[in-house]
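Enquirer: Following this message is one structure expressed as structure tokens.
The values are calculated or read from the model by the stated rules, or taken from the named source; none is laboratory data. From a predicted model like this one, the values you see are computed outputs, not experimental measurements. Positions of Cβ are generated from backbone atoms using ideal geometry, with glycine treated the same way; all protein chains shown enter the neighbour counts.
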Amino acid sequence: MSPRAASRLESLGFAHVYDYVAGKADWASFGLPIEGTWHSGTRVGAHASTDVPACGPADRMFKVRERVRAAGWDTCFVTNERGVVLGRLGRTALNRDDDISVEEAMTLGPSTVRPSLELDKAVERMQKQNLTGLPVTRSDGVLVGVLRREDAERALPSSSTA
């Protein structure tokens, strides 16, 4: 909306008015609410687990390994101070016994999806690629969470799963 329209809404008493110029697709890619037939509930962001462990590149593997296992996960995302995904520690890295830095053990640049991706398309991708989960990031690369395949399949209407 234009700055003039935003000002008019504010003058009418609307407390939260935003002049969002990046567009609808970017809005949705940040996991912000959308309406209509393909509303937010039909998107990945509504079903992503946000409690996935994250760590920094300088962290030591022995500490990260303990924390990830205690949380019941088998993966950890390596993020910078702003939460941008830099890499991932998978099962192989987490099963190593040596005490190295996370940066030395991580896999760089994992493939991610946006919160705005339609849930059925994410499930189809996970089934085709035999994936148990998909990392979810905003368009600025910040980690949102992980879409677990079992959760996503359960959330779809029964006629949508293969």
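Enquirer: Given the options 40, 2, 11, 29, name the one that is modelled with pLDDT under 70, on the phi < 0 side of the Ramachandran plot and either aromatic (Phe, Trp, Tyr) or more than 23 Å from the chain's Cα centre (by Cα) (or both).
Expert: Values: 40 fails: either aromatic (Phe, Trp, Tyr) or more than 23 Å from the chain's Cα centre (by Cα) (or both); 11 fails: modelled with pLDDT under 70; 29 fails: either aromatic (Phe, Trp, Tyr) or more than 23 Å from the chain's Cα centre (by Cα) (or both).
Unique residue meeting the criteria: 2.
Enquirer: For residue 58, indicate whether it is in contact with a helix residue (DSSP H, G or I) (Cβ under 8 Å, 6 or more places away or on another chain), modelled with pLDDT of 95 or more, aliphatic (A, V, I, L, M) and surrounded by fewer than 14 Cβ atoms within 10 Å (Cβ to Cβ). So that I can check it myself, show each step before the final result.
Expert: Numbers: in contact with a helix residue (DSSP H, G or I) (Cβ under 8 Å, 6 or more places away or on another chain): yes; modelled with pLDDT of 95 or more: yes; aliphatic (A, V, I, L, M): yes; surrounded by fewer than 14 Cβ atoms within 10 Å (Cβ to Cβ): yes.
The answer is yes for residue 58.
Residue-by-condition table, conditions (1) in contact (Cβ under 8 Å) with a residue 60 or more places away in the chain; (2) in contact with an Asp or Glu (Cβ under 6 Å, 6 or more places away or on another chain):
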{"residue": "73", "(1), (2)": "no, no"}
{"residue": "86", "(1), (2)": "no, no"}
{"residue": "90", "(1), (2)": "no, no"}
{"residue": "99", "(1), (2)": "no, no"}
{"residue": "105", "(1), (2)": "no, no"}
{"residue": "118", "(1), (2)": "yes, no"}
{"residue": "122", "(1), (2)": "yes, no"}
{"residue": "136", "(1), (2)": "yes, no"}
{"residue": "139", "(1), (2)": "yes, yes"}
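Enquirer: Please go through the range 108-155 and pick out each residue that is buried (at least 16 other Cβ atoms within 10 Å of the Cβ) and assigned to a loop (DSSP other than H, G, I, E, B).
Expert: 110, 112, 114, 115, 116, 117, 138, 139
Enquirer: Identify all residues within the range 47-77 that are in a loop (DSSP other than H, G, I, E, B), of a type in the set (Val, Ile, Thr) and within 20 Å of residue 97 (Cβ to Cβ); write none if there are none. Don't jump to the end; show me each part of the working.
Expert: Restricting attention to the range 47-77, the residues satisfying the condition of being in a loop (DSSP other than H, G, I, E, B) are 47-48, 50-53, 56-59, 71-75.
Restricting the remaining residues to those that are of a type in the set (Val, Ile, Thr) gives 50, 52, 75.
Hit for the range 47-77 is 75, nothing else.
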